[in-house]
Each structure stands twice: as C-alpha cells, then as structure tokens.
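To keep things clear, I will list the structure first and then write my remarks on it.
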Amino acid sequence: MQFGSDTPAWGDRTMTLGGNMSSKVGPPEGRWIKGGRLRSTLGVTLRTVTFRDLPVGWEAANVLLMHHAFGSSWDPRKLSTRPFESQYPGYAEYVGLCTVEGSRIVSSIVVRHFPFRTRKGEVTCSGLGHVATLPTRSRQGLARKLIERAHNRERQSGSPFMLLYTGRSIVAHGLYESLGYHDVLEFPIAARLVPPGKRALPRGWRWRRARQEDRHPIEELRAVLSEGRCGFSRVGVDWWSGPQGWFVLERDGNIVGYASLKTEGKLRACHEGMARTAMAQALLLRSLETEASGGWLLLGSPLLYELRGTPGIRAYRRERGSYTVLMAKSLNGPHIPFDLAHELGTDRPGFLIGVADFF
C-alpha cells in the first residue's frame, strides 16, 4: 500500500479487536444511534483495529498522530521498520487500539501490562497510555470508545485494575473521571538552589556513573529495600534501557545506593533513588548536590520518602500537590476513591514508583 492513499489496505473489511468482521462505524460527523455506533452522513467509514491489525508501513501514520495530538516536533528517529508489538515491550499482546479513517489513524491508545504489589499480594495490572486523537476529530467520542473497548478486553483477561497518568487540569482528566477513574496518587516535589562546590565523600565511598553491568546489583538492592511495600514491583520487567542517567554509590566496591538523574540546562532532577543505610542516604543526597552544584536540584516524591530522615533534606522547599496524578479504575466493579487507594496501597508511605514505571 502507498501511504497517503484513501483506500484502506485491507479493502472493504471492517476489522475489530481481533481482526474479526463487525458492524461498520460511520464518521464523527454523524450522530449516535442505538447500539453505540455512528451513523454515516458523508459515506466515510471509521474502523476500530488493534495495532496488530495495521498493515506494514503504517508506522508513519502513528507518528503523525502523536505529532499532531501532542504538538511535538517531528522526529524521524521515531520511525521504525519493526512490527508495532516489538516496539512496545511489556504492553498487551494486541499493543493497543486505534480508529482508522481511510489511510489515517485518527485516534489511538496503547495498553501496558505490569506486575503490581497491592495490599492483598502481587497482581498483573493494566496501564492506559498514549491516548491521542487528531485535533480535527476531538470531542467526538473516539477516545472514549477505544478506552471502553480496552476495559472490556482487560476485564476478560483477568486484570483487576487499569491505571493511567494524566494532568489534573487538562480536559482529559474529566473524561477519565466520567469513565470511572479516580485520583489515587500525587507526586510532591522539593527543590533547592545548591551552593557551588564539591562535597567530598568519606574514605572508602565512591559515587560514579552506572555501567551496563550495574543493572542486576541495582535490581537486587531495590528488591531488598522494597520488600513488603506496595507499588510497581518490576519483577520480570525489562525496565533497563541502559546506564544513561543512572548513578551508583559504592562502599568498598559494593553498590549500596543508586539514583536516576536527569539534566535540563542548570536543572538536575532526581525522581528515583535508594540507599541501604542512613549514612548511605545522606551521602547519596550529598553526591546529587555535587552533580547539581551551582544550579537547581529537584527531588521527586519517591526519593523524598527514601531521604525522609536525612538532615540535609530540610534545606529543600517542598510543594505537596502536583500537576501529574496517577488515576485508577477497578475493572471488577465500582470502588469509592478511598477504598481504591487503600487496596492499591497508594495511601501508604513508601509506595514504590520510579522513572521506569511511567507510561
């Protein structure tokens, strides 16, 4: 198929979640009729398909949708010749759902699967991400329909919860609330303008950039320090994309702490880090401040919990609220927000979440 053609590569078939035939859905210019379909007024057909249903070569259509929906700059590096499912490791077998009009993807979502430790034990949860609709097709119910279909699929697969991240003040937050989602976690931050100067470590201690072989020691340290805590467990998850942006704290050659550090000009931001002992926690913060010397250091809420007893943390200005929130929906019936947060464990101090757990 030549991209840009108005003729779908699959001919006149209407494909659904598994590639089966279904009723045709009219264009968004139509009106809703009984059964949840759109009646066509212009003779154009919308099709709901999975990412696996998409013909080879449709990667550009997906990148264009992301570009127009989120206002991102066009980045040809996002184009890939690999199948969609191989580009989303850890996501559902069908990757996600999209609405196709002719040769364009006009709306899409992706669905992720991940291990999650609740108060009752470890379960496999679902995550909703990359919810996008072309601006010319917004407010026409396309995303809602895709999300509702994803709810049905995930419920049938046995997933107890669907989670997502969004901004509290954007329009989509209201959409998610109307679909049964509730805010279950905020992300407070703390910041400090770090005085210039290097902060030396005691003899036998070393702070360095992580290497590829540090992945497993970091995983083992996190597993020990997170025992019994609710949150994203990362058991069996390929979360490691490489050592870039990761640092480790060593004592006598053994890794006793780690942290992620993102650099944006004069700002350094750390949203994940752990250390084995109180002394290691204090030296972890000291090392982060050396990296941010003369500039701003921002600490995210997961790290703030880990460093809660460190004296140096008192020098930071805190903000309790956050723009970004984690929302959740029970797929096994309605939950009031308090009960939902309680079952997930997001109301517990030390809830486990890190940079690799955002989707």
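Quick notes
- Qualifying residue in region 243-259 (condition: aromatic (Phe, Trp, Tyr), without any contact (Cβ under 8 Å) to a residue 40 or more places away in the chain and touching a strand residue (DSSP E or B) at 6+ places or on another chain (Cβ under 9 Å)): yes
- Listed conditions (1) closer than 29 Å to residue 129 by Cα; (2) among the β-branched types (Val, Ile, Thr); (3) surrounded by 15 or more Cβ atoms within 10 Å (Cβ to Cβ) are all met by residue 248, apart from (1).
- Residue within region 228-240 that is within 30 Å of residue 329 (Cβ to Cβ), outside any loop (DSSP other than H, G, I, E, B) and not assigned by TED's automatic domain parsing to the domain that holds residue 90 present: yes
- Enumeration of residues in region 156-178 that are part of a helix (DSSP H, G or I) and either surrounded by 18 or more Cβ atoms within 10 Å (Cβ to Cβ) or acidic (Asp, Glu) (or both): 176, 177
- Check on residue 150, at pLDDT below 95 and small (Gly, Ala, Ser): no
- Within region 232-251, considering residues that are touching a helix residue (DSSP H, G or I) at 6+ places or on another chain (Cβ under 9 Å) and at pLDDT 95 or above, the one nearest to residue 357 (Cα to Cα): 246
- Only listed residue being within 20 Å of residue 283 (Cα to Cα) and either part of a loop (DSSP other than H, G, I, E, B) or of a type in the set (Lys, Arg) (or both), chosen from 348, 318, 314: 314
- Residue list for region 263-296, restricted to those being assigned to a strand (DSSP E or B), touching a residue at least 40 places away in the same chain (Cβ under 8 Å) and either surrounded by fewer than 22 Cβ atoms within 10 Å (Cβ to Cβ) or not assigned by TED's automatic domain parsing to the domain that holds residue 314 (or both): 296
- For residue 310: the one exception among (1) in contact with a Leu (Cβ under 6 Å, 6 or more places away or on another chain); (2) of a type outside the set (A, V, I, L, M, F, W, C); (3) outside the structural domain of residue 200 (by TED's automatic domain parsing): (3)
The values are calculated or read from the model by the stated rules, or taken from the named source; none is laboratory data. The shown structure was predicted, so the numbers you read here are calculated from the model rather than taken from an experiment. Please note: Cβ atoms are built from the backbone with ideal geometry, for glycine as well, and neighbour counts cover all protein chains shown.
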